[in-house]
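A short worksheet on the structure shown next.
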Amino acid sequence: MSNPSQTSDNKAEPTQQPQPQKPPVLEEDDEFEDFPVEDWPQEETEQGAAAANGTNNHLWEESWDDDDAAEDFSKQLKEELKKVEASH
Amino acid sequence: MSSIFNDFAEGQRTGSGHRLAAALTPVAPAENPDRLKAFFYFSNATRVASDLRYSLFQATGIRLPKQETNAWIEIFTPYWKAVGEIVRFDDAPSHASWVKVFDAWKETTNMLIRGYSTGGLPAWTVPCLYVVGRYLRAFAMKADAELSSQDSAAFGDRFQDDASTDFRNAKLEEATRVINRMFTLCLSDRASIEESRKWGIYDTTNLLFKSYFKLNSVGLSKNLLRALNASSADLPSMDAFPKSHIVTFKYYIGVIHFLDENYAEAEEHLSYAWNMCHQAATKNKELILSYLVPCHLVTTHTLPSKELLASFPRLEKLFRPLCNCIRKGDLSGFDTAMTAAEEEFVKRRIYLPLERGRDIALRNLFRKVFIAGGFDEPKEGQPLIRRTRVPVAEFAAALRVGTHAEEGSRVDIDEVECLLANLIYKGLMKGYIARERGMVVLSKGGTAFPGTGV
């Protein structure tokens, strides 16, 4: 009986770095809530409110990033390229 | 400070379904904490029917057809009993039981359904269905929790699994069957639309969706959708319904498509829910976004902005590391972020679509190679053209950057070609691999990486 538990202890050993704090757990009750009122005017909708604040246009962004230090990447790429060529 | 009888009488007098439904709400309002007690102690089990007849009708002067009058008394009798069981939690807690509350409430619901099908209750009173159905679910879940805690106390932990897995949701399943009859009751109403219970269809459907999700039988939702589709011609358009009904409905439809991996359709419904959601309903907005963000990633390859997630710190924390890695083309960072949040992603059922973000990260990495490649020798008078013939070795080097490859480790060129072929196949990159020359020949004219401007 003691053997299997020992092995598993040993296995657990290397990964026993301080566990990163777990992300906040979704509450048990992750159900869509009842709204306190049954109906509301357009101005009180997310869309209506965002339009009024002028914040409607910046919700989604392109997934790539051009300004992210293109120079650096070029340099890095050249260095790695040497390694690739050296290894073949 | 109005009593249950006042609400009933006022509801009837003014034709307000919501006022009427307030009479059937089994929670005492803050400003009148003794409202339920007052209602329960006004009578006793032997006299309740005649006392109700007096207090609902004779004392208030409300006159309804005989059949309808009797229907209301039949509804309020089990309601009175249910309220008695609720009051017991205050007055004699050791004898109080959610199972008893549920049983009496189920009887109330059955009587209400009968009131509509044979008692001639008019359609303007359907808010009663919403309230009664909502509490039927709530009480069922409390009863199930009570039963399973009794089970584990009675059998000890050893039998807990056997005893509680099978019957864990017995009352909720019972409740769901009753709510299903409410669904039919609303959908099958043949009256003209102004006087139809069809106005209750989405609210009832939402109750069923919630139950099916809780019972882990999302598949059953498809039956509802089929039934709804079949009668869609007879239903008023969505925007004619109250927004609370529609936003909830759209959310669940969106999630159902999402779980089926129909991300484009899911996105459509979830976007609708997002746009029409009440701006102050933070929790609901967070739930919508938690599915909408993965949808956007898959369908339009876009990421949520800082502004979008600013009011949702939990989502910001959940998605931001991943988004940063996608944008930078940081593959190993992406893998780390996926592993770190794996448990939470799986729990929220969003792991699968998020995983597809790796392709986008790879696309961005290879796109950087293309940009870094600069332009071909300019021909006189011609606009600059990017270098579209890129050695495979450069992509291999980029992979080393993206995966933080260790010094001295080798990148397998076959593997690089495989990744390239995959991106091309998925339409994220346009061109072909000229293997014999070790070159990738990319499409000219700003279409090498479709949709990204180059």
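Bear in mind these aren't lab numbers, they're just calculated from the coordinates by the rules spelled out. Predicted model, so just to flag it, every value in this text is computed and none were measured. So basically every Cβ, Gly included, is an ideal-geometry build from the backbone, and we count neighbours across all protein chains shown.
Brief remarks follow.
- FRET efficiency, B:GLU194 to B:ARG356 (Cβ-Cβ, R0 41 Å, nearest 0.05): 0.30
- Each helix, a run of at least 4 DSSP H residues, gives -39500 (n - 2.57); summed and divided by the residues of chain B, these come to -20000 deg cm²/dmol at 222 nm.
- Within 10 Å of the Cβ of each residue in B:274-286, the mean number of Cβ atoms contributed by other protein chains is 6.
- Placing a pseudo-label 7 Å from each Cα along the Cα-to-Cβ vector at B:ALA233 and A:ASP72 gives an inter-label distance of 6.3 nm.
- Positive end of the dipole of the range B:1-137 (Cβ unit charges, origin at the Cα centre): among B:LEU36, B:PRO93, B:TYR79, the Cα lying farthest that way belongs to B:TYR79.
- Rg and Dmax of the range B:177-261, Cα atoms only, in Å: 12.5, 39
- Rounded tilt (10° steps) of B:313-328 against the dominant C-alpha axis of chain B: 20 degrees
- Three-way shape label, the range B:224-283, alpha-carbon gyration tensor, a/c 1.5: oblate
- Straight-line reach from B:LYS430: taking Cα to Cα under 20 Å and skipping same-chain neighbours fewer than 8 places apart, the aspartates and glutamates in range are A:GLU62, A:ASP65, A:ASP66, B:ASP359, B:ASP376, B:GLU394, B:ASP414, B:GLU415, B:GLU417.
- Projecting the Cα atoms of A:PHE73, B:LEU208, B:HIS269 onto the charge dipole of the protein assembly as shown, computed from C-beta unit charges around the Cα centre, puts B:LEU208 farthest toward the positive end.
- Cβ charges +1 (Lys, Arg) and -1 (Asp, Glu), total dipole of the range B:242-355, debye: 500 debye
- Relative contact order computed over chain B (Cα-Cα under 8 Å; 6+ residues apart), in percent: 7 percent
- Chain B: angle of helix B:4-14 to the longest principal axis, Cα-based, in degrees nearest 10: 80 degrees
- The ratio of the alpha-carbon radius of gyration of chain B to the globular-protein estimate 2.2 N^0.38 Å is 1.35.
- Rounded, prolate or oblate (a/c below 1.5 giving rounded, otherwise prolate when a/b exceeds b/c) for the protein assembly as shown by Cα gyration tensor: prolate
- Candidate lysines for bridging to A:LYS82, where Cα separation is under 26 Å - those fewer than 8 sequence places away on the same chain excluded: B:LYS328, B:LYS368
- Anisotropy class of the range B:242-355 from Cα gyration tensor, a/c 1.5 cut: prolate
- The range B:71-86 - phi-based ³J(HN,Hα) in whole Hz, Karplus 6.51/-1.76/1.60, Gly and Pro as x: 4, 5, 5, 5, 6, 6, 5, x, 4, 4, 5, 4, 4, x, 5, 6
- Summing Cβ point charges (Lys, Arg +1; Asp, Glu -1) relative to the Cα centre of the protein assembly as shown gives a dipole of roughly 1120 debye.
- Fraction of C-alpha pairs exceeding 17 angstrom in the range B:88-136: 45 percent, rounded to a whole number.
- Mean per-residue shielding of peptide A:71-83 is 5, counting Cβ atoms of other chains within 10 Å of each Cβ.
- Long pairs among B:LYS210/B:LYS347; A:LYS75/B:LYS317; B:LYS317/B:LYS426; B:LYS66/B:LYS106; B:LYS37/B:LYS243; B:LYS100/B:LYS283, criterion Cα-Cα beyond 26 Å: A:LYS75/B:LYS317; B:LYS317/B:LYS426; B:LYS37/B:LYS243; B:LYS100/B:LYS283
- Placed amide H near A:TRP60: partners under 5 Å, 5+ positions off or other chain: B:SER305
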